[in-house]
Amino acid sequence: MFKRLFLGCGLLGSAALWAQTAPAEVELANLREDVRGLVQRVGELSLRIEQLERENRELRSASGNASQNYATVAQLSAAVSDLNRLIRAASADTKNETLQQVGVQMEKLARQTNAAIDSLAKGAATRPTVPAAFSEDYAKEGVSYTVQRGDTLALIAKKTGAKKQDIINANKITDPSRIQVGQTLFIPGGK
């Protein structure tokens, strides 16, 4: 019995010792597992950091290239301002050139007009002057005639049976070539 008691006490002591050491071993095992989990998580985070750093380098490289490929708003504004200045200058030059060409053409037309006027003046000077006095030697009775399109004094005289010179004298026509459509003439002795 004593043996049994001793054995029972030994077992109880072992159980108590085991009960005291077991939680410590369990805690140690749990701690080891937690450390292993943390080491694994740190490894994963290290890999993610490396990946992010690589992506960051790629983005920096791409943004460096992008800044070379794209203009800033200030650069675009400066370019537009330069273009506007160039367009205004070109427009002013074109306007000046056009005005010069118009001026040259106007001078040419003025010379031609003056030459034509001089020619007419010379022609008028060489024309015999129409006598200012008209003869009163025509019939005092006659008819009125309204000048029609295509009429000449000779044609009117023929139509009415009158003499051309009588029509000129009766109407005091200084330039027989200048009768006008709608003009009313007295036809001496006309029918």
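Read the figures in this text as sums done on the coordinates, not as results from a lab. Just so you know, these numbers come straight off a predicted model, no measurement behind them. FYI the Cβ positions are ideal-geometry reconstructions off the backbone, even for glycines, and counts take in every protein chain you see.
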Can you list the lysines whose alpha carbon is less than 26 Å from that of LYS164, not counting same-chain residues fewer than 8 positions off?
LYS140, LYS172, LYS191
If amide H atoms are modeled at 1.01 Å from N in the peptide plane, then the residues at a separation of 5 or more from GLY142, or on another chain, having amide H under 5 Å from its own are GLY189
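Exactly which trypsin sites (Lys or Arg not before Pro) in the range 128-187 are in a DSSP loop and have at most 10 other Cβ atoms within 10 Å?
Sites meeting the loop and neighbour criteria: LYS140, ARG149, LYS172, ARG178.
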Net length gained if the chain between ALA89 and ASN114 were fully extended (0.36 nm per residue, minus Cα distance):
5.3 nm
How long are the semi-axes of the equivalent ellipsoid of the range 142-188, taking √(5λ) for every eigenvalue λ of the Cα gyration tensor, in whole Å from largest down?
13, 12, 10
Check GLN183: other-chain or 5+ apart residues with amide H under 5 Å from its amide H, H built from backbone geometry?
VAL147
